[in-house]
1. Taking the criterion of being surrounded by fewer than 22 Cβ atoms within 10 Å (Cβ to Cβ), more than 14 Å from chain C (Cβ to nearest Cβ) and at positive phi, would at least one residue in the stretch A:172-186 satisfy it?
2. Could you check B:Cys147 against (1) within 12 Å of chain A (Cβ to nearest Cβ); (2) among the hydrophobic types (A, V, I, L, M, F, W, C); (3) assigned to a helix (DSSP H, G or I) and say which number it fails?
3. What residue, of B:Ile142, B:Ile98, is in contact (Cβ under 8 Å) with a residue 60 or more places away in the chain and away from chain A (no Cβ under 14 Å)?
4. Count, please, the residues in the stretch C:271-296 that happen to be over 23 Å from C:Thr30 (Cα atoms) and not charged (D, E, K, R).
5. Which of the residues spanning the stretch B:153-169 are under 17 Å from A:Ala186 (Cβ atoms) and surrounded by 23 or more Cβ atoms within 10 Å (Cβ to Cβ)?
6. Identify all residues within the stretch A:184-243 that are more than 22 Å from A:Phe359 (Cβ to Cβ), hydrophobic (A, V, I, L, M, F, W, C) and assigned to a helix (DSSP H, G or I); write none if there are none.
7. Pick out the one residue from C:Ile327, C:Ile336, C:Ile342 that is part of a helix (DSSP H, G or I), in contact with a strand residue (DSSP E or B) (Cβ under 8 Å, 6 or more places away or on another chain) and of a type outside the set (Lys, Arg).
8. Considering only residues that are within 19 Å of C:Ala468 (Cβ to Cβ), outside any strand (DSSP E or B) and under 12 Å from the mean Cα position of the chain (by Cα), which ones fall in the stretch C:227-242?
Amino acid sequence: MRRMIGIKEVEDIALGAAVLGTGGGGDPYVGKLMAQQAIREHGPVELVTADEMAPEDMSVAIAMMGAPTVMVEKIPGGNECVQAFKAVQSYVGKEIRYIYSIEAGGINSTIPIRLAAQLGLPLLDLDGMGRAFPEIQMVTHNLFGITATPFTMADEKGNSAVLATIDNRWMETFARGIAVNMGATAHIACYAATGAQQQESAIHGTMSLAENIGKAIREARTAHTNPIAAIQQTTGAFVVFHGKLIDVQRRTVAGFAHGSAVLEGIGAHSGTTMNIQFQNENLIAETDGEVIVSVPDLITMVEEDTGEPITTEQLRYGFRVLVLAMPCHPHWRTEQGLKVVGPRYFGYDTDYVPVETRFA
Amino acid sequence: MWSLSHDDVEAIAIGAGILGTGGGGSPYLGKIRMQHLLRQGYTVDIISLDELADNALTCEIGWMGAPTVGVEKIHAGDEAQWALAALEKYVGQPLDAILCSEIGGSNSIAPLEAGALTGKPVVDGDAMGRAFPKMQMSTHFIAGVACTPAVLVDEKGNAILLSHMTDSFALERFTRDLCVQMGCTAMLALPVMRGIQAKATSVPGTITLARHVGEAVLAARASKDSVVAAVLAITGGIELFTGKLVDVQRLTARGFARGELVCEGLGADRGEWLHIAFQNENLIAWRGGQASRDQVVACVPDLICLLETDTGEPITTEQLRYGLRVTVLAIPCTDQFRTEAALKIVGPSAFGYHDVIYHPLPKQAGMGIQ
Amino acid sequence: MRIGIDVGGTNTDAVLMTGRTVVGWAKSPTTRDVSSGITNVLQALLAQTQVAPQDISAVMLGTTHFTNAVVERKSLSKTAVIRIGLPATSALPPYIDWPEDLTAALGGVYYLVHGGYEFDGRPIAALDEDEIREAAQKIHASGIDCVAISSVFSPVNPDQEKRAAEIVAAEIPNVKISLSHEIGRIGLLERENAAAMNACLSHLAVRIVQSFRDALAGLGIQAPFYISQNDGTLMSAEFVEKYPVLTFASGPTNSMRGAAFLSGLKDAVVVDIGGTTSDVGVLSQGFPREASISVRIGGVRTNFRMPDVLSFGLGGGSHVKTEPLEIGPQSVGYEITSRALIFGGNDLTTTDIAVAAGMVDIGDKSRVAHLESDLVVSAIRRMAEMIEISVDRMKTTAGAVPVILVGGGIILVGDSLAGVSELHRPEHASVANAIGAAIAQVGGEVDRIFSLDAIPRNEALEQAKAEARARVLESGALPDTIEIVDVEEVPLAYLPGSATRIRVKAVGTLAVD
């Protein structure tokens, strides 16, 4: 199945991607403008489902890597993704026919749209996370044995690198260090995958899901129905807290924005406090010391009136938010998946409990 | 051209230790591995810069990392081959010869090992004529040779190719952090340059020079003559001081051993003290009182070498300790480091000593480091 | 005794207050030179209340002049933007997300030059002074003398912006420079947008502030005078000359605080109809609801801390065009008393329509008797629709909501509006802005770098808060009214000692009367 993505669709995708971004994933505004600029220059992008690929057709993922706090300041030069793409194509040694997103949550939903427009290639309706995650090995393709190598990186100054590592976890370590030295933002091309590999290992339909979420919010706002309800209808999200932000702590450590946010309950949640820990993305939500939602399930804060998702770098004292939780993709709930993205990987001494068991 | 022998390796290790000016890591492990390879039948041909074809493709091979780790985490042995293969794949052509990046310390032997395992000749020259702590401190890069492509490999098989870096300072930053992540030892192969570039910008004949210095030391020990005199006869330069180490202060920052030592004078130097600041390699030497630095007597880029007074054995920064009897030599550096542009990168101010002015040690034409 | 003045597009309003009591009020048309209108209204006010100039302890002024200029694209100076950030940032050049007509009004001139800082303080590229000099020369040659300078991570390190300013000032005599790090927070596009808008208002700012000064001096009023800024707190005249963009939302803030004060309502939609524009905001627990993430001014995205306000071009002086029917956004503004039909002029305005419809009796109604009743009815309906649509966009429930009408243009509104449960027109509603200015608070801000290795974070925050409170006290606030309204932290990764930039703002009620 195929359809076109133009300026308007990018608006919806960027908004829906911000919901899937779980507080991280970078500033959707900058990514959206970059994708729209490329569409203006090169024309709309064709979105295709994975079954349109021949089994041996080659695709590659393109993304930006780095600290969101830097991405709103140091806007890209413009050609970095093409540089990274050309480098990876020469290492793969065959023509790459499809572009895809490894992370539909946040800016990495729109960077692939930009590259697809610049190259005139189709974009696949899938991704590798179903949300956003902080580290590069946290991709379902990794669970199915697809290597991130060859992994190319480019920055706006002309620095570029090609990485060949013994596993994807090492890739994260080296790539992150290079990204920090590039100024905490870098464009990457990686996880080259054939049509057959995509069928098996990708999370299908995420680009369309992002678009549907964005569209639902937009339509709810126009019709003055509840945008939060619209998000819930499209994603199955639960409202787990309603509160006002009373404290936010942030520090940039080795390229990640680590921190925590404290919410004072409002309305039905008066008298309780929620603490949310994040590492770019929201990881753990606790009330009164008890973990109530954790990775890999999605935790997103949205503005109480408009449903506008809030990234961790936008958090400010006084904001009034609803905390939404959504179930993650089943690939992440396997034993192997939880080793890669469960709470214990992030250093939290708690076992994963699917959000729907607590809230259904 | 000459072919490397067991005794050559012995001599090169000593000479390289002296030219290491306290840094560069101990050549010991490299020496025994190289001798082991020779026993197994590997050979290494060493060619002069003149013998290198103008359009030949070469690259430097060397280790990066903390010497204290290198003595523990001994390398796998395949790193040089992996590094060269990665570069050759990127360039799309085989490389014709291997260069030495740093004659001081263990990096004198690394290219010889690489040459043995790949069957490629090793060029008699390097990019420093001594040892230095940072990537940008290279005659090649100072002269404008591009510092990329560069490959970093570890013993596990990870390989990072830096296809382009804005300059050698950027290269230093990226590779230093990657090296730390690899566990503080990594093999570097960089950059790919033509023979004509190597000829114009390398310090010539330094492998032979290291060998001659080592041979002179061995001969002096055997005949009970002055080792110091034997060294200076090859390298030029002067004996700065003889004394006893009475104070050593060290702090390790970001992979570098920075510090200061104080020597109390013996013999002709009785009643005076010598202070030396180092950052892996020895940087500045001052003559003065016990607690005062009165006069700079030698500084980078010239070489300041510490030898054990009795044996002439070179002393590395990690070996410094109270009570050692040392003789300090100052040896003139390569002319390529003495230009105004080079001094910004390898002179005292590059190490933070903005009020120290470099006065080049007098050199005799044709003698020592060119 | 203090005086609150609101200089709107059409009318200049003044109130005299003592404590919470309105002693008197007056309205006078805004004049082209601005100061005459202020003089006129103050003369009227002093005559009415018999108060002597020396009994006035403070004058607080709010104005929508600068917002109107941007919304109407009038009186804006041609401006050039110099952005320091190559090789980064070229993917999205300046003005990328601006409405075309506003870009055209400023001229759309920009230069991208090398420089900017990485997050850790390292330069992205060395500053190329010749590049900047060349750009400045080109700007000068094109006759532009307003320049905005932005640079990547300048709130963390402003050195390059300052150096660029020096170079530009050396090339362009009497240039007006706006530096982004003085105006905005982290977020390059939003901060650069604010600096560009500030720059294009610089000439207007000097003229307007001088006219305020002249007016007060002419009446012998020697009390300190303040101008209200975005968050409703007061700033000095000198500050406004440099940073006119900081007054952008002061009008809506003042009108909402005035509306809350007058109506006694804590939760309602406030519609402030002025001479040129209307602003719709939401009162939530007595305070204006804040825009949470970004606010668009004149269609341009900024990240000021501001009330969430929807502005649209309907006011008492708005032009009415027929066939097809169009209301505004152009307006006769303060020239209404000479240009509207009812005052003997030739322009058909919304006030003329209101008079023709019998909603209000001012001017000479015979001059609008000729208007066709179809036109009058549809124009009234259209104006009501414009307000209903805007109220609808701002409210957050589908049901009807209470609305407080304030501002001089409320004569345009009938007795009811669709979607509105109660329509309030409190006493003194027409001068709600001036009242809001008069009850405005004074603010004190602290913006310092703390080393969190030297003192723990909580202590640094407490210190900063205490300092901010002390500053507010120094500015003359009543001690028991002082509260902290904003706290912001920016970690500075490149400085040793876990350096963090902490900014705290406190406000208090001015101890006057």
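1. Within the stretch A:172-186, not a single residue is surrounded by fewer than 22 Cβ atoms within 10 Å (Cβ to Cβ), more than 14 Å from chain C (Cβ to nearest Cβ) and at positive phi.
2. (3)
3. Numbers: B:Ile98 fails: in contact (Cβ under 8 Å) with a residue 60 or more places away in the chain.
Selected residue: B:Ile142, the only one of B:Ile142, B:Ile98 that is in contact (Cβ under 8 Å) with a residue 60 or more places away in the chain and away from chain A (no Cβ under 14 Å).
4. Start the filter on the stretch C:271-296 by keeping residues that are over 23 Å from C:Thr30 (Cα atoms), which leaves C:281-296.
So of that shortlist, the ones also not charged (D, E, K, R) come out as C:281-288, C:291-295.
Looking only at that region, the number is 13.
5. Residues of the stretch B:153-169 under 17 Å from A:Ala186 (Cβ atoms): B:160-166.
Once the filter is applied, which keeps residues that are under 17 Å from A:Ala186 (Cβ atoms) and surrounded by 23 or more Cβ atoms within 10 Å (Cβ to Cβ), the stretch B:153-169 yields B:Ile160, B:Leu161, B:Leu162, B:Met165.
6. A:Ala196, A:Met207, A:Ala210, A:Ala223
7. On the way: C:Ile327 fails: part of a helix (DSSP H, G or I); C:Ile342 fails: in contact with a strand residue (DSSP E or B) (Cβ under 8 Å, 6 or more places away or on another chain).
Only one candidate passes the filter, namely C:Ile336.
8. Residues of the stretch C:227-242 that are within 19 Å of C:Ala468 (Cβ to Cβ), as a first pass: C:228-236, C:239.
Next, only the ones that are outside any strand (DSSP E or B) stay: C:229-232, C:239.
Matches in the stretch C:227-242: C:Gln229, C:Asn230, C:Asp231, C:Gly232.
The values are calculated or read from the model by the stated rules, or taken from the named source; none is laboratory data. Everything numeric in this text was worked out from a predicted model, so none of it was measured. With ideal geometry, Cβ positions are generated from the backbone for all residues, glycine too; neighbour counts draw on all protein chains shown.
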